[in-house]
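Data block below; observations after.
Only the coordinates and a few stated rules stand behind these numbers; no lab work does. Note that the structure is a prediction, hence the values are computed from the model and not measured.
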Amino acid sequence: MNPLAMPLMRRLPPFAVLHHRGRRSGRSYDTPVQALRTNDGWVVALAYDHNSAWALNLLAAGGGKWWIRSRTLVAHPGISSPDQQP
């Protein structure tokens with residue numbers, strides 16, 4: 001990711017930046033994602049599968065923080081699939 005684009009990702013919808021810490025390394029990461037608003041909060045799609053490093057890091061830590069539309073929010077991770085929808 002181009003470091004010059006990261007500030008834009010924090011401000012322009014549908015982009016967001018997830019801040020998480022590596023579950024093994026302890027290193028701090030900022031990962032750009034697309035976030036969609038729902039009735040219950042926000043959804044971030046897993047582009048590849050549920051083994052995405054940022055998703056596993058957030059699950060292992062029990063959460064993290066993220067920036068969307070110039071706001072800082074607390075991330076409460078959970079993984080669901082389309083067959084789990086009501």
Query raised in the report: In nm, what is the difference between 0.36 nm times the number of residues separating ARG69 and THR38 and their Cα-Cα distance?
Result: 9.6 nm
**Report entry** Pairwise Cα inverse-distance average, inverted: Kirkwood Rh of region 6-79 (Å)
**Finding:** 12.4
Query raised in the report: For the chain, what is the calculated [θ] at 222 nm in deg cm²/dmol (nearest 500), taking -39500 (n - 2.57) for each run of four or more DSSP H residues and dividing by its residue count?
Result: -3500 deg cm²/dmol
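Mean separation of Cα pairs under 8 Å and 6+ residues apart, divided by the residue count of region 6-79: what relative contact order is that in percent?
Values: 123 pairs, mean separation 24.7, N = 74.
With pairs under 8 Å counted, the relative contact order is 33 percent.
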